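Here is the structure we will look at, set down as structure tokens.
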Amino acid sequence: MINASLKELSAALAAKNISSVELTRIYLERIERLNGELNAFITVDPGKSLALAGQADARIARGEHAPLTGIPVAHKDIYCTKGWLTTCGSRMLANFESPYDAHVIGRFGAAGAVILGKTNMDEFAMGSSNETSFYGPVKNPWDRAFVPGGSSGGSACAVAARLAPAATATDTGGSIRQPAALTGITGLKPTYGVVSRYGMIAFASSLDQGGPMGKSAEDVAMLLDVMAGFDPRDSTSLEREGEDYTRDLDRPWEGASAGRPLQGLRIGVPKEHFGEGLSSDVGRAIEAALAQFEELGAKRVAISLPNSGLSVPAYYVIAPAEASSNLSRFDGVRYGYRAPEYRDLLDMYCKTRSQGFGAEVKRRILIGTYVLSHGYYDAYYLKAQRVRRLIAQDFVEAFKKCDVVMGPTSPTVAFRIGAKTSDPVQMYLSDIYTIPANLAGLPGMSVPCGFGENELPVGLHIVGNYFSEARMLAVAHHYQRATDWHRRAPAGVL
Amino acid sequence: MEWEVVIGLEIHAQLSTASKMFSGASTEFGAVPNAQACAVDIALPGVLPVANSGAVERALRFGLAVNGNNADNISRRSIFARKNYFYPDLPKGYQISQYELPIINGGTISIVLKDGQKTIHLTRAHLEEDAGKSLHEDFHGMSGIDLNRAGTPLLEIVSEPDMRSAEEAVAYAKAVHSLVRWIDICDGNMQEGSFRCDANVSVRRPGEPLGTRREIKNLNSFRFLQQAIDYEAKWQIETLQDGGTIHQATVLFDPDSGETRAMRSKEDAHDYRYFPDPDLLPLVVTEEWIERVKGGLLELPQAKRERYARDYGLSVYDAGLLTQSRETTVYFEDMVGQLGTEAAKVCANWVSGDLAAALNRDNLDIAQSPVPSAQLAGLVARIRDNTLSGKMAREVFDAMWRGEAASADELIEKKGLKQISDSGALEAIVDQVIAANPKSVEEYRAGKEKAFNALVGQAMKATRGKGNPAQINEILKKKLAG
Amino acid sequence: MPLDLEQVKRIAHLARIEISQAEAAQTQDQLNDIFGLIERMRAVDTEGIAPMSHAQDLMLRLREDAVTESDQHPLFQSVAPQVEGGLYLVPKVIE
């Protein structure tokens, strides 16, 4: 059961081979057994989850179920969830029970999915290893001495360790794709604006995008069907016709045959993503995956993203700038942490924020405050925004020559817990391949494609043009039909 | 040597929308604390702003109104930016405002002064959200925060430093106040804080570059505006004359002491770290929208003033008084409609004179006047046909104000106030007066003007005040000359 | 341009984050490492390139002016650190 696809689970629930309450219990028991070690969840509330499961069963009994009705889903603790603690991995919100639901939570609720719990994450989604969480690091289920990636490390771990059939996550610079790669699961960051940000605690508003994590492209497509869609409460939410992301999963590429379903697909391979910094084990797995795509009929096209080397510097100006402002609301006045002792108002602010935020969050607030401050704005913030456009234009050029861009999701497999905590710059560079898609607003996904050093998973990064999620998912699905990397699960958790 | 005072105003006009600038909470005044502060207004984690088209539309109306209905001062694309600072009544830790690209660039407001008109130039007007309120009553040594006002849409109207006295500043503030009510974008209620002024004041020797300015914050009455500027200007001049220097500062006006003092909370060097709000895309105003707003605009004060001067022969000053509010012009135009253009001058005198004084005394708006325009027109008609003298008319007006009768004619009848304009009757009375006061007649003929007035007084007395004074004058002159 | 200690303290104050002398020195080193990384970007020629502040080149969607929210302050204030009579309490505000 725990390795079943969402489609299979959905069918089993619809056929009443299993109830939602039973299914939810299976996962709650697994969490009970394994979470102490893995630390994937911050909040689990069996009573609430089982009540939702009971409602889902009633709905199924009435014959009113949707595809995800009764399926337990773990939510990154960045999504405000009414009546649930919503901590964002921070001491600042350790006592914050959200009075409202995020759009995404509402959509899953309307679909009849069960809230399985709230997953651990880097504090305010700032991190690439899940080590900045106030609730302690999440372990990589493939080897617990290693990080699961971040910031959606808890969601990635939960799916990889089969503590949840599926999970939600968010991605500002790679926070869905990098942990998906490091834990051997499939994750998708949609085009900016496809998933409403309402109720998703903001890190960097112009980059943040919610998306799903699952065991396969097919699972991810089913989840995206629920998450995507217009929301009038988010001014950057796109008014588009609803899409069915699962409909064309099996359809061969235009003009291709079932035998070579990706005949005609042009895969852009950017030379900049295969140079210095890419570890050889990851390089080999990516090379093998590209060869597999060629067998499926796809063609490689050499492309260049000449400015992609500037993406990390630009990102570490833009994201902290927006974050420094987004996090100003955490002031100890209306919710969340307030320092127990202070002299006056100014002291209350300074102590509250100093004690409530962890080191990485404070570091980024300071960077952001600096780059926006008088005399530095043009040299840093405005400059970074111009560089951002150069990076976006690189993709416009690239997509004239290819249909998707592929490369490694992360330059290395998972690293050891503690290995990069004292060196922020090294940590930041682990998102070097994923950040450009955030800057450009493009959809990107990571698909498991083998193993590298220490038998740790490697992820293949796929970037598509705006709104090409359905095509990307189909490309990944055809690959997953031909391979079984996505079916591998870490031995220690079964 | 003389000093010149240089003043620019920043006016915050609360826009009269039903809902807030970026949320669906009500803007109504007077709710219990925080009852109108929704999730967006209190900045819960994860909430997002969505801009109110009603606020944008009101800004467009203002832009057209200050630019002769020409849209070249309206930015087709403007940007919402974040102004970052910490304050308990600012829930997000930033205020959404417009910085580099405001929705309105430029425009003019013309003000009417005793000695003529003056044009004040606007730098810009931009949309922003209001902050909440800190209540300083003592809550065990703490302050209470009410966020009902947080997020209310404001139009910040920034003038050039074009004013040279507190009187000009007040005239400008009044003109803007009248305009925003005229075009129905702000209720103008100053007690409730719907219309607030900040004054930038500096002094210099004429012809020299601008001096260092100090900004007086939050002046919520025209009287305080006047007092605060007068005090501040005097203080700056004295400081400079004593060899001191002026430092840029933000100051508060204390109405009790009549003095200004620097704000302690603003001692920090300002560094608002403005940047475009990533939650809000560029605000685009289409030509169709502008055309629609243009179509809905009424005749504006300036145009009305010009028309009154041209068609009714009113002085600029008189026309200026009438056009201080739209309601006043409606009242006045009603009267002229009934009595004809020739009566405009008398109507204007009554509206700006006795009526305005009575309204002011009883603290009423013209719309609430106990004497409606038709009644006052009836009264003016009796002045024009010489039934009533000025003095009698005032008596009738007072009686109407008190509600003693609904028409002038009824009161004239009731009080027997008909003026004697029958020249035969008046000639007889004048003859009697001349006969009875030979001494005065003699003095007058000897060149003493005063004696003439005494004779008029006698004649008026003989008619028990009902004689037409102009006529008596004329008859008397003729007879004494003869 | 490396940050000096005074700048670190100034931005910490602007950001309302208390920072001790020792922390300031450590933070200064870390920030300077990060700005070393960022420095690479500053050498790039971006003449004539318009800043990109959003991931979309779209225009703002506006909302009708209508009241859609109702009073929920008791719920919202249930998570507040200190409330009295419907007001959020903070240390005395001095203007």
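Key figures
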| quantity | calculated |
| --- | --- |
| Rh (Kirkwood; distinct C-alpha pairs) - chain C, Å | 19.4 Å |
| Charge dipole magnitude, Cβ of K and R +1, D and E -1 - chain B, Cα centre, debye nearest 20 | 1440 debye |
| Eligible aspartates and glutamates near residue B:448 by straight Cα distance, threshold 18 Å, same-chain separation 8 or greater | B:474 |
| Length gained when the stretch residue B:432-residue B:288 is fully extended (0.36 nm per residue, less Cα-Cα span) | 44.1 nm |
| Angle in degrees between helix C:21-42 and the longest Cα principal axis of chain C, rounded to the nearest 10 | 70 degrees |
| Separation of the residue B:2 and residue B:442 label points, Cα + 7 Å toward Cβ, nm | 5.6 nm |
| Cα-based reach from residue C:9 at 20 Å (exclusive), listing lysines while leaving out same-chain residues under 8 positions away | A:351, A:362, B:266 |
| Listed residue (A:361, B:240, A:169) projecting farthest to the positive dipole end of the protein assembly as shown, Cβ model | A:169 |
| Quarter of Cα convex hull surface for the protein assembly as shown, i.e. mean projection, nm² | 54.1 nm² |
| Assigned charges on the beta-carbon of Lys, Arg, Asp, Glu; the stretch A:6-256 dipole about Cα centre (debye) | 460 debye |
| Cα coordinate range in the stretch A:54-172, projected on the principal axes (Å, largest first) | 46, 33, 23 |
| In Hz, Karplus ³J(HN,Hα) per residue of the stretch A:72-82 (6.51, -1.76, 1.60; θ = phi - 60°; x = Gly, Pro) | x, 10, 8, 10, 4, 6, 9, 8, 4, 10, 4 |
| Computed label-point distance, nm, for sites residue B:208 and residue C:23 using a 7 Å Cα→Cβ extension | 4.7 nm |
| Amide hydrogen neighbours beyond the local backbone of residue A:407, cut-off 5 Å, H modeled | A:461 |
| For the stretch A:312-386, alpha-carbon Rg over 2.2 N^0.38 Å | 1.23 |
| Rel. contact order, % - alpha carbon contacts under 8 angstrom, at least six apart, chain A | 18 percent |
| Residue C:5-residue B:223 FRET efficiency (beta carbon distance; Förster radius 51 Å; 0.05 resolution) | 0.55 |
| Cα point-scatterer Debye curve for the stretch B:339-419, base-10 log of I(q)/I(0) at q = 0.20 Å⁻¹ | -0.85 |
| Size of the stretch A:6-256 as Cα extents on the principal axes (Å, biggest first) | 43, 40, 39 |
| Relative contact order of chain B, pairs being alpha-carbon contacts under 8 Å that are 6 or more residues apart, as % | 14 percent |
| Extended-chain gain in nm, criterion 0.36 nm per residue less alpha-carbon gap, residue B:330 and residue B:192 | 47.1 nm |
| Per-residue ³J(HN,Hα) for the stretch B:2-7, Karplus 6.51 cos²θ - 1.76 cosθ + 1.60, θ = phi - 60°, Hz, x for Gly and Pro | 7, 10, 10, 9, 10, 10 |
| Hz values of 3J(HN,Hα) by residue in the stretch A:200-206 - Karplus curve (6.51, -1.76, 1.60), Gly and Pro given as x | 9, 4, 6, 9, 10, 4, 7 |
| Computed label-point distance, nm, for sites residue B:362 and residue A:416 using a 7 Å Cα→Cβ extension | 9.1 nm |
| Nearest-ten-degree value, helix B:449-462 long axis tilted from longest Cα axis of chain B | 80 degrees |
| Å³ per residue enclosed by the Cα convex hull of chain B | 220 Å³ |
| Those lysines that a straight Cα-Cα span of less than 17 Å connects to residue B:414, excepting residues fewer than 8 apart in one chain | B:391, B:466 |
| Sites residue A:1 and residue A:304, calculated FRET efficiency, Cβ-Cβ separation with R0 45 Å, nearest 0.05 | 0.45 |
| Extent along principal axes [Cα atoms of the stretch B:101-194; Å; largest to smallest] | 55, 30, 24 |
| In degrees, nearest ten, helix B:326-339 long axis to first principal axis of chain B (Cα) | 30 degrees |
| Sites residue A:401 and residue C:95 - FRET efficiency at Förster radius 60 Å, r taken between beta-carbons, to 0.05 | 0.45 |
| Over the stretch A:6-256, relative contact order from alpha-carbon pairs under 8 Å, at least 6 apart, % | 17 percent |
| Per-residue [θ]222 nm for chain A (sum of -39500 (n - 2.57) over DSSP H runs n ≥ 4, rounded to 500) | -11000 deg cm²/dmol |
| Long-range amide H partners of residue C:83 with built H, under 5 Å | C:89 |
| Length gained when the stretch residue B:307-residue B:249 is fully extended (0.36 nm per residue, less Cα-Cα span) | 16.5 nm |
| Pairs beyond 25 Å (Cα-Cα), from B:174/B:304; B:304/B:345; B:114/B:234; B:415/B:461; A:76/A:299 | A:76/A:299 |
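Any read-out appearing in this document is the output of simple, stated calculations on the displayed coordinates, not a laboratory observation. This one's a predicted model, so the numbers in the text were calculated from it and none came from an experiment. Note that we place each Cβ from the backbone using ideal geometry, even for glycine, and neighbour counts take in every protein chain shown.
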